[in-house]
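Any read-out appearing in this document is the output of simple, stated calculations on the displayed coordinates, not a laboratory observation. Small disclaimer: the values here were computed from a predicted structure and weren't measured. Here the Cβ positions follow ideal geometry from the backbone for every residue, glycine too, while neighbour counts run over all protein chains shown.
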Amino acid sequence: MAKVELTNPKLKTQLSEYGRRRRTDGPYADNLEVDALVVGGGFAGVFMFYSLRKEGLKTVIYEAGTDLGGTWRWNCYPGAMVDSEVPEYQLNIPEVIKAHNWPNNYPNYHDLRDYFDTCDRVLDIKSNTAFESVVVDGHFNTDEGRWYVKTADGRTAKAKYLVICAGFAAKRYVPDWPGIDKFKGVIHHSSFWPDEEIPVEGKKCGIIGTGATGVQITQAWGPKAGHLKVFQRTPNLTVPMRQRDLTVEEQEAAKKWYPELLALREHCFGGFLYTFSERNTFDDTPEEREKFYEKLWQDGGFRYWLGNYKDYLTDPKANQEAYNFWVKKQRARLNDPKKQEILVPEKMPHYWGIKRPCLEYSYLEQFNRPNVEVVDIKNNAIVGFDETGINLEDGTHHDLDVIVIATGFDVVTGGMTAMGLHAVNGESLDDQWKKAAYTYLGTTVAGYPNMFHLYGPHGPTLLSNGPTTIEVQGRWITDVIRNCERNGVKYINPTEEASKAWKKRINELSDATLFPTTKSTYMGGSKPDKAFEQTNYAGGLHNYGEEIRKVLPALDGFNVVKAAA
């Protein structure tokens, strides 16, 4: 990757700033008419395109980015890598599995891009994809039974089925800090990071935010930056990644087991190849608990999160035991008592595991370096920017040359509300969901006929492995569309009553846990004006799949409108 000096580039915050028309033919044509329009070219978009094309439907993808890969095209910031392990972090498409091998068990964004290039080489997807196509408006015509979808560059597509594959992180969140446009150095939101490498040697660098992105950039820049300041509001309760190289030989030998393994992941709570213990925390003696925790810790990944005792996400005392072990493990990695208390506090900042933990391999060790410091902004917020850096509430000024805004997203719902989608009554989805999001089954929305979504609101989403959830939802969507096509259905529209019942179900599952005790990506995210509500199905992926399957084939909970004879 070439290193490029960027002088005060314009900070981009909206997908629409990336929209342009590459061509006027094929998937880029105006007044494009298709059976199904898939919005998003990541894991969900690839799976839905693959599935719907097999059903014989003329299908096109609109992707806002420059290539396939979804989040793995946008998130090219330093150190960007996945937090889910292969082989479970891939689609169960036999042709692709046969053609692709991974360099290690936790791929970085380069490796994920290679994977999507394999998907295209094997499945021929890009010839039916319009890139840099940002959806800004959508209406359903009930007379025609078709969606009319517009892009930022002025094109219109018409489709019987609209499948939203934007995922949970399509709309970036940049706080409205005064003076941000005055800063003379390099500044980007992490998810709009340029492909060119930005040199940080000898530079004063700042990272705002300590979510997964902030953790990964800290690991990448700590050894290189002249000086690095990490602005932290809440400590990230990280767990060890345990990355290791994979040989082609061992992967090829294991592929005979992949059908069973990838089916097994759908029976586990989070769509991984492990699930919660059958035991409660205090069923074991302290010595047995210690041994169990240690095994999870050494095995790494999300095992300490979703392979732990089955009661720790519901019982505060059990949760405290999990946190105590975590503190013991993580404090030992830090040399400075002050940094220990900021990064690994003795008192829980929130219950352990109710925020998706970040996997890391050297995060805390970076703060033992003389050039890396943590700036606690929990009670001393950022109040603005000037030409040379960041100003805090107490008057402190931090001089910086390069700034990463790692403040996350308008999480889970934002990707859909940013598209200008409108219900049949004319209301926008953005307005409808300002107070609370409503879906039916985490795949459809009342008032939006023949529209489906994956890995978004009210599915297992952030409590699960993406590809696994996508396949469970994607097969269901494909089966519904097949049902409609074979039975002469013009459109289906979930009822308000069914949507309210599903919302109640989402809340019941969440309220039985410790999730509602704090604002998190599960409960409203970091955007201040966003509703404090659960947007994920908290009952586990297997139970979710069983629930949504119950409405088939009768399409319970939907108004079904047949096509005219």
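Extents of segment 206-405, largest first, come to 57, 44, 28 Å (Cα atoms, principal axes, whole angstrom).
The charge dipole of segment 206-405, taken about its Cα centre with unit charges on the Cβ of Lys, Arg, Asp and Glu (plus for the first two, minus for the last two), comes to roughly 200 debye. Projecting the Cα positions of Ser510, Gly56, Pro457 onto the charge dipole of the chain (unit charges on Cβ atoms of Lys, Arg, Asp and Glu, taken about the Cα centre) puts Gly56 furthest along the positive direction.
With the charge dipole of the chain set up from +1 on Lys and Arg Cβ and -1 on Asp and Glu Cβ about the Cα centre, the Cα lying farthest toward the positive end among the listed residues Asn335, Ile405, Gly65 is that of Gly65. Under the combined filter of DSSP loop state and at most 11 neighbouring Cβ atoms within 10 Å, segment 369-469 retains these trypsin sites (Lys or Arg not before Pro): Lys378, Lys435. When each of the peptides 385-394, 320-329, 22-31 is scored by how many other beta carbons lie within 10 Å of its residues on average, the order from highest to lowest is 320-329, 385-394, 22-31. The loop-placed GluC sites (Glu not before Pro) in segment 25-116, going by DSSP, that have at most 15 neighbouring Cβ atoms within 10 Å of their Cβ come out as Glu55. Gyration tensor analysis over the Cα atoms of segment 72-190 returns equivalent ellipsoid semi-axes of 29, 28, 12 Å (largest first, whole Å). Between Tyr309 and Ser277, the built amide H atoms are under 5 Å apart, and every one of these is 5 or more places off in sequence or on another chain. Remark: spin-label model distance Lys58-Gln251 equals 3.7 nm, labels positioned 7 Å along the Cα→Cβ axis. Here each label is just a point 7 Å from Cα along the line to Cβ, and for Asn31 and Thr388 those points are 6.0 nm apart.
When you restrict to C-alpha pairs under 8 Å that are six or more residues apart and normalise by the size of the chain, the relative contact order lands at 19 percent.
Here the sum of -39500 (n - 2.57) over DSSP H runs of 4 or more residues, divided by the residues of the chain, equals -8000 deg cm²/dmol at 222 nm, to the nearest 500. Over 20 Å between C-alpha atoms is what I'm after, so list which of Lys203/Lys378; Lys500/Lys550; Lys184/Lys204; Lys224/Lys328 land there. In this structure, Lys203/Lys378; Lys224/Lys328 exceed 20 Å between Cα atoms.
Summary of the geometry: segment 493-565 and segment 315-340, compared by the centres of their Cα atoms, lie 34 Å apart.
Net charge dipole, segment 428-565: roughly 140 debye, given to the nearest 20, about the Cα centre with Cβ charges of +1 for Lys and Arg and -1 for Asp and Glu. Compared with the alpha-carbon gap, the fully stretched path from Glu290 to Ala564 is longer by 92.0 nm at 0.36 nm per residue. The slack between Lys98 and Glu508, meaning 0.36 nm per residue of separation minus the straight C-alpha distance, is 143.4 nm.
Cross-link check: pairs Lys98/Lys126; Lys310/Lys434; Lys291/Lys317; Lys317/Lys504; Lys158/Lys562; Lys58/Lys150 evaluated at a Cα-Cα cut-off of 30 Å; pairs beyond the cut-off: Lys310/Lys434. Residue separation times 0.36 nm, minus the C-alpha to C-alpha distance between Glu260 and Asn280: what's the value? Result: 4.4 nm gained on full extension.
Each residue of segment 173-189 was assigned a 3J(HN,Hα) from its phi angle through the Karplus expression (A = 6.51, B = -1.76, C = 1.60, θ = phi - 60°), giving 10, 10, x, 7, 6, x, x, 4, 6, 7, 4, 8, x, 8, 9, 8, 6 Hz with x at Gly and Pro. Measuring r between the beta carbons of Glu546 and Arg20 and using R0 = 45 Å, the FRET efficiency lands at 0.55. What the Cβ-Cβ distance of Asp430 and Thr142 gives, at R0 = 35 Å and to the nearest 0.05, is a FRET efficiency of 0.95.
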